[in-house]
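Read the structure below first, then the notes.
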Number of protein chains: 2
Amino acid sequence: MERLAGLGEDGLLALIFKRFARQRRPGLLLGPGDDAAVLRLAPGRVLVATQDDLAEDTHFELRWADFRRLGHKLFRINLSDLAAMGDVEPIGVVVSAGFPPDAPRRWATDFLQGLSDDVRSFGTPVIGGNLTRSSKVFFSMTALGAARPGRILRRSGAKAGDILAGVGPLGAAAEGLKLLKKGAAKAGGRASRPPSGRASAGRDAAGGPYVRAFYEPAPQREAAAVLAGKRLATSLIDNSDGLARCAALLAEASGLGAAVDLADAPVDGDPDAGEDYGLVFTVPPGRWPALRAALPLAYRLGRMVPKAKGTGAAGGYDHFKGR
Amino acid sequence: MERLAGLGEDGLLALIFKRFARQRRPGLLLGPGDDAAVLRLAPGRVLVATQDDLAEDTHFELRWADFRRLGHKLFRINLSDLAAMGDVEPIGVVVSAGFPPDAPRRWATDFLQGLSDDVRSFGTPVIGGNLTRSSKVFFSMTALGAARPGRILRRSGAKAGDILAGVGPLGAAAEGLKLLKKGAAKAGGRASRPPSGRASAGRDAAGGPYVRAFYEPAPQREAAAVLAGKRLATSLIDNSDGLARCAALLAEASGLGAAVDLADAPVDGDPDAGEDYGLVFTVPPGRWPALRAALPLAYRLGRMVPKAKGTGAAGGYDHFKGR
């Protein structure tokens, strides 16, 4: 099996430059291959910038990881953060990858293939990045977007009485993760090498909806554009660390509490387990009919209440404490 | 000793928001604390974006690392990449950090102190980022800059006959790294916990020039602005992976070779060992007197030659092969 040490940094860089050389996008003045990328924003637009990471043993394990699909996931969790700011057009991503020198070459080429798939899917170019040796695999991405200043929605802005609502899955990604772990356990525990490409660990891995929810969350760009464009929402966040935490963060940002009620919500698994990457937002009650007309898949999650009454402290996933 | 798991993600985030809440900068519309940051570029400016990382066991070892100074280093290696594009004003940085849950709280607070020091030193705000659990420590930064399109210098653009030149140290960082390793070895080999704050491993650590060159490389923003503003240089790169590699990359980008001659260069150690973060650039011979007048510390490093004659293949540091 060919290792990254055999290919070398220059060999891998050559593959990267070849793969991302033909990206064309209005405003992309200089893409990968120099010390930095150069972009021009359209007139009247402000820059929106966010960063999110995937780390071995925390977000994935080598015994079941599919590096192509990790490329998808890294892309999408970052585009989800842009969507969480409202009507934001993604204009480019910058990607860092750390691999051990004895990593199979496929880990890197599969990961690049995943990025490349999503460059096409989302029309958003990889404009630069960094490669480094690292004893554990990690990926870091910065996503850059452009928006009209009036089309940005923040975490703050809700009023008591606003409806708490969402779009996207609840608990599906966590179910997918369970399936991936179960599949890997069945396949004989710790494999030293993860599967490559589309064929993958676990019966459900290739295309099952839960595993897809885990690996290929759908950034809610269109929904966010509707929420921001028609000023239907008063505050907005993406659902990355679980519903309880999102609701608490929205509430806290507006000095409120949140009373969560899941009766109308399409729950697939533990909604507080995180990694679902839908949107959670607040809507004045009078705007709810217009919102449902514009976004038929939006569902109620409860109501914003004065601070003393609702969930005060943030629940959900804490990276250092665990849950 | 307090661990990150005791402080928790929310505790650490609270420290971060508190530390970076009071940053004010024209164009910074929304800093840390939401899903993404929002910046406005000055009229006529394009966006310049770059990313660089520091990974445990590759860029630093726990037995000698000083996390405050790693904060400095991460900031500076990224600002160096912006300087490598010419007259670029840094407008913000986005930072990811991965720590194990049992890491001492000081690792994170020292790192934040280092970032905070450099926010002040460079007038460049931390506008966002991400925190994650990771079995090995890693840091990733994206630096964003603004430039007039005519003030950008690329790796390509040199002509045969151009003088190859530089500013900044050559080999000093590698000497600093040797001192840090020697200091740690003397202090009794593998310490499970690195030192914190200013007092540090090795006699030279606190303020010696070599260790400073390793931890606190000086981004050459002013020199780069002169090179780009007066069109003195035809091509430009920063010296991150060693002189041989820089020269080869500049040569390759212009379809040339590079004949390196160190007779006039201020060499402190192995110039090909990397991490010096000066600038390497090419200058038409007729512009050399003007360049020396504008940048008295610039030195000659050789000459650009037709492809067959000079160093063809890239030397220097390869992250996956080693040297």
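The values are calculated or read from the model by the stated rules, or taken from the named source; none is laboratory data. If you're wondering where the values come from, they're calculated on a predicted model, not measured in any experiment. Because the Cβ atoms are built from the backbone with ideal geometry, glycine has one as well, and the counts that use them run over all protein chains shown. We work out accessible area using only protein heavy atoms, side chains counted, and drop any ligands, DNA or RNA first. Shrake-Rupley method; radii C 1.70, N 1.55, O 1.52, S 1.80 Å.
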| Mind listing the phi-derived Karplus ³J(HN,Hα) values for region A:210-215, rounded to whole Hz, using 6.51, -1.76 and 1.60 with θ = phi - 60°, and x for any glycine or proline? | 6, 5, 5, 4, 6, 8
| note | Taking the label point 7 Å from Cα along the Cα-Cβ vector, the copy-to-copy distances for B:Arg25, listed from shortest in nm with one decimal, are 2.2
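Compute the signed sum of charges (Lys and Arg +1, Asp and Glu -1) over the other residues within less than 10 Å, Cβ to Cβ, of A:Glu216.
Details: positive: A:Arg69, A:Lys73, A:Arg76, A:Arg212; negative: A:Asp117, A:Asp118.
After counting each charged neighbour, the total is +2.
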| remark: Each label sits 7 Å from Cα toward the beta-carbon; between B:Ala185 and A:Ser121 the label points are separated, in nm, by 4.9
| said: Only Cα pairs within less than 10 Å get springs; with that Gaussian network setup on chain A, which residue of A:Gly302, A:Gly242, A:Gly286 has the largest fluctuation? | reply: A:Gly286
| query | Under a Cβ-Cβ cut-off of 15 Å, what is the net charge of the residues other than B:Pro125 that fall near it, where Lys and Arg count +1 and Asp and Glu count -1? | reply | +3
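Please average, across the residues of B:162-170, the number of beta carbons from any other chain that are within 10 Å of each residue's own beta carbon, and give a whole number. The partial results should precede the final answer.
Numbers: counts 0, 0, 0, 0, 0, 0, 0, 0, 0.
Taking the mean over all residues of the peptide, I get 0.
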| field | Kirkwood-type radius of the protein assembly as shown, with distances r between different C-alpha atoms, in Å | value | 25.3
| task | Taking H placed 1.01 Å from N in the peptide plane, check which residues at least 5 places from B:Val126 or on another chain put their amide H under 5 Å from its amide H. | result | B:Val93
| request: Round to the nearest 0.05 the FRET efficiency obtained for B:Val267 and A:Lys307 when R0 = 51 Å and r is the Cβ-Cβ distance. | output: 0.20
| query | Around A:Ser235, which amide H atoms from residues at least 5 apart in sequence, or from another chain, sit under 5 Å from its own amide H, with H modelled in the peptide plane? | reply | A:Thr282
| note | For region A:294-301, in residue order, the Karplus 3J(HN,Hα) values (coefficients 6.51, -1.76, 1.60; θ = phi - 60°; whole Hz; Gly and Pro = x) are 7, 10, x, 8, 5, 10, 7, 10
| message | Using a Förster radius of 25 Å, what is the FRET efficiency between B:Ala160 and B:Lys230 based on their Cβ-Cβ separation? Nearest 0.05, please. | response | 0.65
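Assigning unit charges at the beta carbon (Lys, Arg +1; Asp, Glu -1) and nothing else, what dipole magnitude in debye, to the nearest 20, does region A:67-175 show about its Cα centre?
Working: 14 positive and 9 negative charges, 31 e Å.
With only Lys, Arg, Asp and Glu charged at Cβ, the dipole is about 140 debye.
Estimate the FRET efficiency between B:Lys321 and A:Ala293 by the formula 1/(1 + (r/R0)^6), using the beta-carbon distance for r and 51 Å for R0, to the nearest 0.05. The partial results should precede the final answer.
On the way: r = 59 Å, r/R0 = 1.16.
Step by step, r from the Cβ atoms, then E = 0.30.
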| query | For region A:156-168, in order, what is each residue's ³J(HN,Hα) by Karplus, 6.51 cos²θ - 1.76 cosθ + 1.60 with θ = phi - 60°, in whole Hz (x at glycine and Pro)? | reply | 8, x, 6, 10, 4, x, 4, 7, 8, 9, x, 10, x
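Net charge within 14 Å of A:Ser156 by Cβ-Cβ distance, Lys/Arg positive one each and Asp/Glu negative one each, not counting A:Ser156 itself?
On the way: positive: A:Arg154, A:Arg155, A:Lys159, A:Lys307; negative: A:Asp162, A:Glu252, B:Asp34, B:Asp35.
Net of charged neighbours comes to 0.
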| Counting only protein heavy atoms and rolling a 1.4 Å probe, how much accessible area do B and A lose on contact, total for both sides, in Å² to 100? | 5700
| message | Suppose only helical runs count, i.e. DSSP H with n ≥ 4. What mean residue ellipticity at 222 nm does that imply for the protein assembly as shown under -39500 (n - 2.57) per run, divided by all residues and rounded to the nearest 500 deg cm²/dmol? | response | -10000 deg cm²/dmol
| query | Between A:Ser121 and the same site in the other copies, what are the distances in nm, shortest first, taking label points 7 Å from Cα along the C-beta direction? | reply | 4.1
| Choice from A:Ala14, A:Ala184, A:Ala174 showing the highest fluctuation, given a GNM over chain A with Cα pairs closer than 10 Å | A:Ala14
| task | For B:Ala42, place a label point 7 Å out from Cα along the Cα→Cβ vector, do the same in each other copy, and report the separations in nm, one decimal, smallest first. | result | 2.6
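Quick one: putting +1 on the C-beta of Lys and Arg, -1 on the C-beta of Asp and Glu, what dipole do you get for chain B around its Cα centre, in Debye to the nearest 20? Write out the running numbers ahead of the final one.
Details: 44 positive and 34 negative charges, 102 e Å.
About 480 debye.
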| request: Treating the angle as unsigned and between 0 and 90°, give the value, to the nearest 10°, between the Cα long axis of helix B:172-186 and the longest Cα principal axis of chain B. | output: 30
| message | Among A:Ile152, A:Ile77, A:Ile16, which one shows the highest mean-square fluctuation when chain A is modelled as a Gaussian network with alpha-carbon springs under 10 Å? | response | A:Ile16
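Viscosity 1.306 mPa s, temperature 10 °C: Stokes-Einstein D of region A:54-149 from its Kirkwood Cα radius, in µm² per second? Working shown, then result.
Values: Rh = 13.7 Å.
In µm²/s, the coefficient is 116.
Assign unit charges at the C-beta atoms only (+1 for Lys and Arg, -1 for Asp and Glu), then state the dipole size of the protein assembly as shown relative to its Cα centre in Debye, rounded to the nearest 20. Present the calculation step by step, with values, prior to reporting the outcome.
Values: 88 positive and 68 negative charges, 156 e Å.
Dipole of the protein assembly as shown, to the nearest 20 debye: 760 debye.
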| message | How long are the semi-axes of the equivalent ellipsoid of chain A, taking √(5λ) for every eigenvalue λ of the Cα gyration tensor, in whole Å from largest down? | response | 35, 25, 15
| query | Amide H neighbours of B:Ala146 under 5 Å, counting only residues 5+ apart in sequence or on other chains, H built in-plane at 1.01 Å? | reply | B:Val48, B:Glu89, B:Ile91
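Can you give the average number of partner chain beta-carbon atoms within 10 Å of each beta-carbon in peptide A:87-97, as a whole number?
Working: counts 0, 3, 0, 0, 2, 2, 2, 8, 2, 9, 2.
That average works out to 3.
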| query | So in region B:75-149, what percent of DSSP beta bridges are antiparallel if you round to the nearest 5? | reply | 55
